[in-house]
Structures are given as C-alpha cells and as structure tokens.
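For reference, the structure is listed below as structure tokens.
The values are calculated or read from the model by the stated rules, or taken from the named source; none is laboratory data. Bear in mind the structure is a predicted one, so any value in this text is a computation, not a measurement. Here the Cβ positions follow ideal geometry from the backbone for every residue, glycine too, while neighbour counts run over all protein chains shown.
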C-alpha cells in the first residue's frame, strides 16, 4: 500500500486535532483520561454528541445513516487521533467500531434506518455480549438460549467480560437458538435494549480497581424478533464479522504511542537531580519502543487499507493484535521501571508521575494477550490463514 495520504485526508487529520485540542480539558492531572465509568460518563456522553453533531463519529458510514460517506482510512484516522488525545471512549469501540459496521453488513433496511442514526449521533452506546463463564476462546460453546415465542425471543443465560455494560444503552448479543445442529450453526445475533426487564448487571472489578468489566444475567428477557440481526441460526457469521472489525488495533497502538511520547518528555526533565534521558540505556529503550509502536501503526494502517478495498484482513488483523498486546506490556513495564518508586504510585496519588497512568497501564496490560482473542488463537489464525500451515491435531 501507499502510506502517503492525499491532501484532503491530511486536512481532515488537522481539523480533528484542532477540534480535540479545544474540546478536551488539559493541564490538569488526569483530566485527559476519561475511562468509561459513571462519574465520567456525563462528560463522555456530551463529547460523543458533539462528534455526532458534526457527523464525525462514523465518517465512513453512508450519509443517510449519519456518516459523511468518507473512506475507512478517514475513519481510522479519527480513531487514531481520538485515542492519541485520550478522548472519552464512550463505548465508541463497541458502538461505532463493531456493532455499526456489523449492522451495515447483515441487517435489513428497516434495521439500518432504525439503529444506525442513533449510534452515529452519539445518543446510543452498545456493549458486546459474547463471552460466558465457560466459553471464552471456544465461543461456539455458549449456552445462553433464545427461544422464539410469537413476535419475541425469550433469552435466559449469562454473559461475562461485558465491558461497559453498566453504562451501555444496548448490547449486541449472541445466543443459541438451535440445539439440534453443529454448535457453530445454531447461534443468532440480536440488538438488546439494556433496560429490558430481566436484565441484571453485576460489576466485576479488575486488578486496577476499575469497574468497566461486568457480568450480565438474563432471566426470561424478551427481545422483539425485529431485533434479530441477520438470519436465525446465522449468528456465527455475524460474530466473525464483528471480530474482524474489532481487530484493527489502531486505537490501542495510538494510545501506546502517546504513552511513549509522554515517557520521552518525562525522561528529558530533571528528576531527583538528574535527567533519565542522559542515560544511553534509557534512550535506547525508549527508542526501541517508539520504533515498535510505529511498526504496529503501519500494520494497522495496512489492515484498514485492506478493509477499504473490500477485503477481510483476518490474519493481518491478528498480526496487529499480537504485536499490540505484547507491546502494551513492554511499554508499561519499561515506563514503571523508568520512574522507579514513583512509577508504582496509583492515579490520584500526590506524587504519582504522569497522573499514575503508566502504573494503571502496567496492571491493565496483563489482559492484553487474552482480551479479544488470545495470543494462541491469533497465532493459529496467522499460521493457517496467513502462512498456509496445516492445523495441529
């Protein structure tokens, strides 16, 4: 691919940067970190609506659904800049990055007209209901059931690791609708209103004491049949589309680049009577991180370029996923050690460096090789689909 963008695309990037510099708080410790929790949700919602009013949340979507008809490349640049400036997540990944494109591919016209504009405006946020306590990488073994009952489906079961379910308006849900066929062929996908009676959300605090993970229980939950996405029992194909959209990784890579740049600037300042930057080993480590982040960035660019050509970059996206997962661990590890004892202080501590973000990243990065498909699964995809190697027995 040609990594040189046309002037129109470069102008789009500069316009985004100018807007973000004006719209986001600055010069306050931690003010540029907006994780998806109840306290920060009001600001995040308003920010997302500002983007929606400009049709900037989903610029690659058709204009009739709230987009601008731009290319996947411009959508990628939006995600890259939002992440670099640490803009509110606001369920953007699951709403605009995953659910919306999936609806565009698999939904009928009525569903597109009903569901897409409310996403593009920033009014509605989605979460993802895929994993279950006993079904992570083996997603097809799910046991949550959806039974047809007149004009509704009745859902019973449980989902876990449902990021942002506590602040989401809707969920893209997978449930088993047929037990008489192969496990991959009896699954259906639905758009579920999270305020539906019978839906119970329970938080699952993570190692960083954040509450963005949840488990969700369904007890006789009724979903109108008109919210079935795609055909009944064809949810596995819908799910694979979702996962392909999920794995471009540009937001994660851009966030890592921002952290690396912050670490470089921090190292150039004086701490305890000396500048870490004066140590050649520090410069070498930070230079290596910057180089690896740029490699990941180019992998993500190529992934989205393939999508823009109508191709499905499944193994290319897996390369980016593996690269980013382990780079995230490396960035956080080097960052915490660079700051010595100060690197262990948590956000909110008076003496925490860089608002404690690196310490929090250190804790959160541990799940990187697992979330969104384990490193082992990704390497299998790369080996079989990318290199043409046989599957191991």
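Values computed for the structure shown
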quantity: Matching entry among 251, 256 (being modelled with pLDDT under 90, in the same structural domain as residue 306 (by TED's automatic domain parsing) and part of a helix (DSSP H, G or I)); calculated: 251
quantity: Residue check, residue 170 touching a strand residue (DSSP E or B) at 6+ places or on another chain (Cβ under 9 Å) and closer than 26 Å to residue 65 by Cβ; calculated: yes
quantity: Those residues of the stretch 112-148 which are more than 23 Å from the chain's Cα centre (by Cα) and surrounded by fewer than 19 Cβ atoms within 10 Å (Cβ to Cβ), in sequence order; calculated: 113, 114, 141, 143, 145, 147, 148
quantity: Identity of the residue in the stretch 278-308, buried (at least 16 other Cβ atoms within 10 Å of the Cβ) and farther than 25 Å from residue 76 by Cα, that ends up nearest to the chain's Cα centre (by Cα); calculated: 286
quantity: Options 381, 358: the member that is out of contact with any strand residue (DSSP E or B) (no Cβ under 8 Å at 6 or more places or on another chain) and at pLDDT 90 or above; calculated: 358
quantity: Subset of the stretch 85-101 that is surrounded by 24 or more Cβ atoms within 10 Å (Cβ to Cβ) and in contact with a strand residue (DSSP E or B) (Cβ under 8 Å, 6 or more places away or on another chain) - its residue that is modelled with the lowest pLDDT; calculated: 91
quantity: Residues of the stretch 84-123 satisfying the condition of being free of Cβ contacts under 8 Å to residues at least 60 places away in the same chain and either in the same structural domain as residue 187 (by TED's automatic domain parsing) or farther than 15 Å from residue 169 by Cβ (or both); calculated: 88, 104, 108, 109, 112, 113
quantity: Single residue of the stretch 31-52 satisfying the filter (under 17 Å from residue 84 (Cβ atoms) and part of a loop (DSSP other than H, G, I, E, B)) that is modelled with the lowest pLDDT; calculated: 31
quantity: Subset of the stretch 127-154 that is touching a strand residue (DSSP E or B) at 6+ places or on another chain (Cβ under 6 Å) and at pLDDT 95 or above - its residue that is farthest from residue 226 (Cα to Cα); calculated: 144
quantity: Residue check, residue 331 in contact (Cβ under 8 Å) with a residue 60 or more places away in the chain, closer than 25 Å to residue 363 by Cβ, buried (at least 21 other Cβ atoms within 10 Å of the Cβ) and within 25 Å of the chain's Cα centre (by Cα); calculated: yes
quantity: Residue identified as at pLDDT 90 or above and either outside the structural domain of residue 62 (by TED's automatic domain parsing) or in a helix (DSSP H, G or I) (or both) among 293, 371, 317; calculated: 293
quantity: Residue in the stretch 362-383 that is surrounded by fewer than 21 Cβ atoms within 10 Å (Cβ to Cβ), more than 22 Å from the chain's Cα centre (by Cα) and over 26 Å from residue 162 (Cα atoms) present; calculated: yes
quantity: Matching option when the condition is in contact with a helix residue (DSSP H, G or I) (Cβ under 6 Å, 6 or more places away or on another chain) and either under 25 Å from residue 104 (Cα atoms) or modelled with pLDDT under 95 (or both), among 182, 189; calculated: 189
quantity: Qualifying residue in the stretch 273-283 (condition: modelled with pLDDT of 95 or more, in contact with a helix residue (DSSP H, G or I) (Cβ under 7 Å, 6 or more places away or on another chain), part of a helix (DSSP H, G or I) and closer than 17 Å to residue 330 by Cβ); calculated: yes
quantity: Cβ pairs under 6 Å, 6+ apart, first in the stretch 129-150 and without any contact (Cβ under 8 Å) to a residue 24 or more places away in the chain, second part of a loop (DSSP other than H, G, I, E, B); calculated: 135/142
quantity: Residue 158, sole failed condition from (1) farther than 21 Å from residue 102 by Cβ; (2) without any contact (Cβ under 8 Å) to a residue 24 or more places away in the chain; calculated: (2)
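Conditions (1) touching a helix residue (DSSP H, G or I) at 6+ places or on another chain (Cβ under 8 Å); (2) modelled with pLDDT of 85 or more; (3) assigned to a helix (DSSP H, G or I); (4) at positive phi, marked per residue:
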{"position": "202", "(1), (2), (3), (4)": "no, yes, no, no"}
{"position": "206", "(1), (2), (3), (4)": "yes, no, no, no"}
{"position": "211", "(1), (2), (3), (4)": "no, no, no, no"}
{"position": "215", "(1), (2), (3), (4)": "no, yes, no, no"}
{"position": "220", "(1), (2), (3), (4)": "no, yes, no, yes"}
{"position": "226", "(1), (2), (3), (4)": "yes, yes, yes, no"}
{"position": "231", "(1), (2), (3), (4)": "no, yes, no, no"}
{"position": "241", "(1), (2), (3), (4)": "yes, no, yes, no"}
